[in-house]
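What follows is one structure encoded as structure tokens, with my remarks underneath.
The values are calculated or read from the model by the stated rules, or taken from the named source; none is laboratory data. Note that the structure is a prediction, hence the values are computed from the model and not measured. Methodologically, a virtual Cβ is constructed for each residue, glycine included, from the backbone with ideal geometry; neighbour enumeration extends over all protein chains shown.
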Amino acid sequence: MTTNVQEIGLTRAEQIDEIERILLDHPELTTPEFLKELDQQIDQIERTGKGDWWGLTRARVLLGGYRDLELANALFRCRTRDLLPLGPDDLRRRVDAHPEFLTERADALLRHWASQERNAGKNQRAEQIELRRDLLREIAAEHILTLTGDATAQEHEFQRSGSIASLDQALAARRYLAYDPAAPFLSYEVRAASTQAISRLLQHRYRVAGLLQDIADAISEPENAAAALPEGHPVRQALLAELANALNLRFRELGDPQDIDRAIEVFDSLASLPELPGRDPEDRATRGCPRPEKRHLSQHIQQYAIPNAGAKHRCRRNRIHPRALTSCGDPLLL
């Protein structure tokens, strides 16, 4: 191979500008001839078990992403796959540097890869991917609880002093958790639960500022979130109760009988259901998710750490063909 992707640093590249700089200096890397030669080298590593399989495959994914104008997507998939050989401490350090690993996007990738391995009969590899996903979810839960705690403190400050600035800060934090793709992700239920707090905070602000948009949003937020959850779900119940509260508030302020009729209808529908959560459901939902003990995670990850590809014991039948990795429209295959 005329250009060695390992020597020029493409197999280890971590930043888009770094990759683009390499490819500007070496335009031959994206030619069909070079990509074919790279594929052949990867095939040879598969046959012999000798060589840096993941390093070359990683370079191939990045080259395909650059060619298809999907470099950022390809790099994210590579970075997420880079997590698999890591132990708990290294994984936490990587998350500190790249909090995007706590997002829904990374969670979906890991879930997909684990499902692929399980469908291929490789249950041990699937388990190890799930262990790393569980640890990322554990870290995400820690971040979510910190953010919700800060938002609650700001809400309490508003209740104590009447500070609109504190109320706005609490509202911004809750909206971040509910809607921002960069927010830590644990589950759709936890994300939906944040809308109950959004509705309550908007009701507070409506009482103070009297903006009709606030009370309209206080109604639509829990209504839309509840519609996405199944009947009987505890978070859905809490959202519907908050919806009824907001309808009742608007009736008392504006006197529209349709609002009180809807509020009564919602409360009646909840009357026959199990007891509603007595606090914001995001805390209950967060604590209700499986969160393995750190010792358990550490023992299992270290015992069954997924080795770097290319080791002698990794044979062809134990991997999906690496050319599948070049498709940026689908999740990265291992």
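Here are the numbers:
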read-out	value
Of all residues in the stretch 9-19 being in a helix (DSSP H, G or I) and closer than 15 Å to Arg58 by Cα, the one that is nearest to the chain's Cα centre (by Cα)	Ile16
Selection count, the stretch 42-58, where residues are in a helix (DSSP H, G or I) and surrounded by 17 or more Cβ atoms within 10 Å (Cβ to Cβ)	9
Check on Thr11, within 29 Å of Asp107 (Cβ to Cβ), touching a Gly at 6+ places or on another chain (Cβ under 8 Å), crowded, with 16+ Cβ neighbours inside 10 Å and among the hydroxyl-bearing types (Ser, Thr, Tyr)	yes
Residue list for the stretch 16-61, filter: over 12 Å from Asn4 (Cα atoms) and of a type in the set (S, T, N, Q)	Thr30, Thr31, Gln40, Gln44, Thr48, Thr57
Residue check, Glu33 surrounded by 13 or more Cβ atoms within 10 Å (Cβ to Cβ) and over 30 Å from Glu100 (Cα atoms)	no
Complete set of residues in the stretch 107-144 that are surrounded by 16 or more Cβ atoms within 10 Å (Cβ to Cβ), among the hydrophobic types (A, V, I, L, M, F, W, C) and touching a residue at least 40 places away in the same chain (Cβ under 8 Å)	Leu109, Trp113, Ile129, Leu131, Leu135, Leu136, Ile139, Ala140, Ala141, Ile144
Within the stretch 169-202, tally of residues that are closer than 22 Å to Ala106 by Cα and part of a helix (DSSP H, G or I)	14
Some residue of the stretch 264-272 being in contact with a Lys or Arg (Cβ under 6 Å, 6 or more places away or on another chain) and either small (Gly, Ala, Ser) or within 28 Å of Arg133 (Cα to Cα) (or both)	no
Given (1) within 23 Å of Val95 (Cβ to Cβ); (2) part of a helix (DSSP H, G or I), number of the condition Ser166 does not satisfy	(1)
Filtered residue count, the stretch 170-200, keeping only those that are of a type outside the set (Gly, Ala, Ser) and either on the phi > 0 side of the Ramachandran plot or surrounded by fewer than 18 Cβ atoms within 10 Å (Cβ to Cβ) (or both)	5
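Residues are listed down the side, and each one gets a yes or a no for (1) assigned by TED's automatic domain parsing to the domain that holds Tyr188; (2) closer than 24 Å to Thr57 by Cα; (3) at pLDDT 95 or above:
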| position | (1), (2), (3) |
| --- | --- |
| Pro88 | no, no, no |
| Leu91 | no, yes, no |
| His98 | no, yes, no |
| Leu110 | no, yes, yes |
| Gly121 | no, yes, no |
| Glu127 | no, yes, no |
| Arg137 | no, no, no |
| Gly149 | yes, no, no |
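Conditions tested, residue by residue: (1) hydrophobic (A, V, I, L, M, F, W, C); (2) touching a helix residue (DSSP H, G or I) at 6+ places or on another chain (Cβ under 8 Å); (3) modelled with pLDDT under 95.
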{"site": "Arg205", "(1), (2), (3)": "no, yes, no"}
{"site": "Asp214", "(1), (2), (3)": "no, yes, no"}
{"site": "Asp217", "(1), (2), (3)": "no, yes, no"}
{"site": "Ala226", "(1), (2), (3)": "yes, yes, yes"}
{"site": "Leu229", "(1), (2), (3)": "yes, yes, yes"}
{"site": "Arg236", "(1), (2), (3)": "no, yes, yes"}
{"site": "Ala241", "(1), (2), (3)": "yes, yes, yes"}
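Residue-wise test of (1) over 16 Å from the mean Cα position of the chain (by Cα); (2) over 23 Å from Glu18 (Cα atoms); (3) among the aliphatic types (A, V, I, L, M).
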site	(1), (2), (3)
Leu63	yes, no, yes
Pro88	yes, yes, no
Asp107	no, yes, no
Arg118	yes, yes, no
Lys122	yes, yes, no
